[in-house]
């Protein structure tokens, strides 16, 4: 309410000033109307400026100042040119307006780069910094492993989180479904954890594509605009990104590549947790989540046993290891063990 009152007073004051001072020789009420229109234009500009982020506002101011400085240097050349007074004045005004306008737009557009972590890119050039950026999608933030990977130093450059991804995370975190709500809050916690790490460069950008409704397609368009890579664990987004010729870093591929290599004939210890699909099978899991299917292990459910690997199957969802026990619950070819006997006197 106070802002509305101030704006009304501003319009009235400027109208009264123009009514009495008669700018450009416009007398009386027409001058007041011109003052009111000018005040209205200023208010519209103020509303637009209020909607800008602080980074874009600083960028717009810096761009405008640089534009005015460049126009002043250019006008020095025009003054020494053999032109008429009116022509020279018109060109100088045109150059001033042009340079100020271009500086304002470019500065506002590049204002997101005004980040203490990436100020060096303003002098080293825009393209190299953007090309090393990684655009994070919603699924990889919720997954949480990206925080550990980044903190371990396996992802370099700036990690970009678009505001439309944050909105999607917030929708998931506010869901009435308890499982979805927990996943959304986990994603927000992971993002806050990465932002609080001074070593990592996490930047939230306001770039949006209103004509595109799907979040995945917006991510691809942003990656094309920034010439960046998309980090995800979404299988479908991975396929669509390849169709759009966008580079993808799939953390599931990284996890599969880092799984320990197991060869047939090797022995390992595994905890049998449940029955398998086939008769007399037991199923266990390694620490990384790899499923281990063991023959003749139904009777040892709940126990850690040593098995011999018979084969390894690579599937789209990961690896499966198959092993077997002998009838006595021991590994094949396992001889008797020396068990220490406690001596008593």
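The values are calculated or read from the model by the stated rules, or taken from the named source; none is laboratory data. Nothing here was measured: the structure is a model prediction, and the numbers come from that model. Quick reminder, even Gly has a Cβ in these numbers, built from the backbone with ideal geometry, and neighbours come from all protein chains shown.
Go through 44, 34 for me and flag whichever is farther than 26 Å from residue 60 by Cβ and in a helix (DSSP H, G or I). Don't jump to the end; show me each part of the working.
Details: 44 fails: farther than 26 Å from residue 60 by Cβ.
Sole residue among the options that is farther than 26 Å from residue 60 by Cβ and in a helix (DSSP H, G or I): 34.
Would segment 48-57 turn up any residue that is closer than 30 Å to residue 206 by Cα, in the same structural domain as residue 107 (by TED's automatic domain parsing) and part of a loop (DSSP other than H, G, I, E, B)?
As a first pass, look at segment 48-57 and keep what is closer than 30 Å to residue 206 by Cα: 48-57.
In the following step, the residues that additionally are in the same structural domain as residue 107 (by TED's automatic domain parsing) were identified as 48-57.
From what's left, part of a loop (DSSP other than H, G, I, E, B): 52-53.
Within segment 48-57, one or more residues are closer than 30 Å to residue 206 by Cα, in the same structural domain as residue 107 (by TED's automatic domain parsing) and part of a loop (DSSP other than H, G, I, E, B).
Residues are listed down the side, and each one gets a yes or a no for (1) in contact with a helix residue (DSSP H, G or I) (Cβ under 9 Å, 6 or more places away or on another chain); (2) assigned to a helix (DSSP H, G or I):
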residue: 198; (1), (2): no, no
residue: 216; (1), (2): yes, yes
residue: 220; (1), (2): yes, yes
residue: 223; (1), (2): yes, yes
residue: 242; (1), (2): no, yes
residue: 254; (1), (2): yes, yes
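Only one of these conditions is not met by residue 246: (1) assigned to a loop (DSSP other than H, G, I, E, B); (2) over 30 Å from residue 224 (Cα atoms); (3) modelled with pLDDT of 90 or more. Which number is it?
Checking residue 246 against (1) assigned to a loop (DSSP other than H, G, I, E, B); (2) over 30 Å from residue 224 (Cα atoms); (3) modelled with pLDDT of 90 or more, the one that fails is (2).
May I ask you to list pairs of residues, at least six apart or on different chains, whose Cβ atoms are under 8 Å apart, with the first in segment 287-301 being more than 19 Å from residue 264 (Cβ to Cβ) and the second being surrounded by 16 or more Cβ atoms within 10 Å (Cβ to Cβ) and modelled with pLDDT of 85 or more?
Correct list of pairs: 298/276; 298/281; 298/282; 300/272; 300/282; 301/272; 301/282.
Just give me the residues in segment 137-155 being without any contact (Cβ under 8 Å) to a residue 24 or more places away in the chain and in a helix (DSSP H, G or I), in sequence order.
Of everything in segment 137-155, just one residue is without any contact (Cβ under 8 Å) to a residue 24 or more places away in the chain and in a helix (DSSP H, G or I), namely 148.
Answer yes or no as to whether residue 11 is surrounded by 17 or more Cβ atoms within 10 Å (Cβ to Cβ), at pLDDT 80 or above, closer than 30 Å to residue 203 by Cβ and within 46 Å of the chain's Cα centre (by Cα).
Judged against the criteria, residue 11 is not a match.
Looking only at segment 253-277, count how many residues are free of Cβ contacts under 8 Å to residues at least 60 places away in the same chain and touching a strand residue (DSSP E or B) at 6+ places or on another chain (Cβ under 8 Å).
Total satisfying the criteria: 14.
Name the strands (runs of 3 or more DSSP E) wholly inside segment 278-345 in which the number of residues that are surrounded by fewer than 16 Cβ atoms within 10 Å (Cβ to Cβ) and at pLDDT 85 or above is 2 or more.
Working: elements: 281-285, 291-295, 304-315, 318-324.
Strands (runs of 3 or more DSSP E) meeting the threshold: 304-315.
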